[in-house]
1. Sort out which residues of region 88-116 are in contact (Cβ under 8 Å) with a residue 60 or more places away in the chain, in contact with a helix residue (DSSP H, G or I) (Cβ under 8 Å, 6 or more places away or on another chain) and surrounded by fewer than 21 Cβ atoms within 10 Å (Cβ to Cβ), and write them in order of number.
2. Look at residue 148 and say whether it is surrounded by 24 or more Cβ atoms within 10 Å (Cβ to Cβ), within 17 Å of the chain's Cα centre (by Cα) and either in contact (Cβ under 8 Å) with a residue 24 or more places away in the chain or closer than 30 Å to residue 210 by Cα (or both).
3. So for region 215-225 (the condition being in a loop (DSSP other than H, G, I, E, B) and at pLDDT 95 or above), does at least one residue qualify?
4. Looking for something in contact with a strand residue (DSSP E or B) (Cβ under 6 Å, 6 or more places away or on another chain) and modelled with pLDDT of 95 or more - is there at least one such residue anywhere in region 160-174?
5. Could you say whether any residue in region 91-102 is assigned to a helix (DSSP H, G or I) and out of contact with any strand residue (DSSP E or B) (no Cβ under 7 Å at 6 or more places or on another chain)?
6. Looking at residue 299, is it outside any loop (DSSP other than H, G, I, E, B) and free of Cβ contacts under 8 Å to residues at least 40 places away in the same chain?
7. Going by the conditions given, is residue 245 at pLDDT 90 or above, out of contact with any strand residue (DSSP E or B) (no Cβ under 7 Å at 6 or more places or on another chain) and in the same structural domain as residue 312 (by TED's automatic domain parsing)?
8. Modelled with pLDDT of 95 or more, crowded, with 20+ Cβ neighbours inside 10 Å, farther than 20 Å from residue 340 by Cβ and assigned by TED's automatic domain parsing to the domain that holds residue 185, is that true of residue 315?
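The values are calculated or read from the model by the stated rules, or taken from the named source; none is laboratory data. All values derive from a computational prediction rather than experimental measurement. Counting neighbours? That spans all protein chains shown, and the Cβs are built from the backbone with ideal geometry, glycine included.
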């Protein structure tokens, strides 16, 4: 009689920063029976069902003080714990991996009540609230940044970096009209706050184009000024699917500093100017960016201190100094763990074997 495949539940929800590392992990466990836990009306509803069965719970994060909304969120958490517990029992889940966020709370409570091991991947340099609150309940906490271990002194941590999709680890063609011998700047403001980054960028692009650069500017869908500048060397796109190919080709990126984005920059050896999202929880993007700045892989500027004049001149200086870009590229590469997804998969396999 053949042994039944190990049943893994992945609890990952909300943004690409939570979902893409989890999808990269899943690709490394083809012999596992994988199911997914998410939240209604989030990004997982688009990305996950074509690959894995998706189940949802009505969980939200706490915002502000005591109110009717807080009571509703608390009730949703209680319901979610019981829903997850029922799912774990009925589907005979052997092990769980979560990428954090508020979905991890009810998941780890339910798992603990049943003795099911849970692996957490914490991508940000500063651990999230759920990570710190439930740290002792996780079998292992896998870290996106080595320095995060200092905030979790009493639990088992392993630095694995943050898994990226396999596309980023293999050369990808780029279907954009950019000559091979031209400098390329990629601007990616991210899903949150892209408009404020765009407002800093747009006054600079004429000078960068005049200096001989091509620019691919990912503006997002909510920028009312997205079509106010036009030039053959300037491509403004709401989004672009082939980020792997784009970053592999880029000479410089201007970006937010979410953990997943930084890992993609490291794996593709892309020098960067980082503008941390100022409203990220616990200002974690600033701490993420500092790691790259200290390594020499990036220059970091706080949004409130940055002006178009400063940004224009910083980029022009880098465009005129290819040796600086080369040093930054090598520094970015030093921060990458190429087989991060495999290392995280090994932790999941070890958790199943542990007594």
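1. 94
2. No: the conditions fail for residue 148.
3. Taking region 215-225 first, the residues in a loop (DSSP other than H, G, I, E, B) are 219-225.
Filter again for at pLDDT 95 or above, leaving none.
Checked region 215-225: no residue is in a loop (DSSP other than H, G, I, E, B) and at pLDDT 95 or above.
4. So far as region 160-174 goes, yes, one or more of its residues are in contact with a strand residue (DSSP E or B) (Cβ under 6 Å, 6 or more places away or on another chain) and modelled with pLDDT of 95 or more.
5. no
6. Numbers: outside any loop (DSSP other than H, G, I, E, B): yes; free of Cβ contacts under 8 Å to residues at least 40 places away in the same chain: yes.
Yes; evaluated as a whole, the condition is true for this residue.
7. Yes: the conditions hold for residue 245.
8. On the way: modelled with pLDDT of 95 or more: yes; crowded, with 20+ Cβ neighbours inside 10 Å: yes; farther than 20 Å from residue 340 by Cβ: yes; assigned by TED's automatic domain parsing to the domain that holds residue 185: yes.
Answer is yes for this residue.
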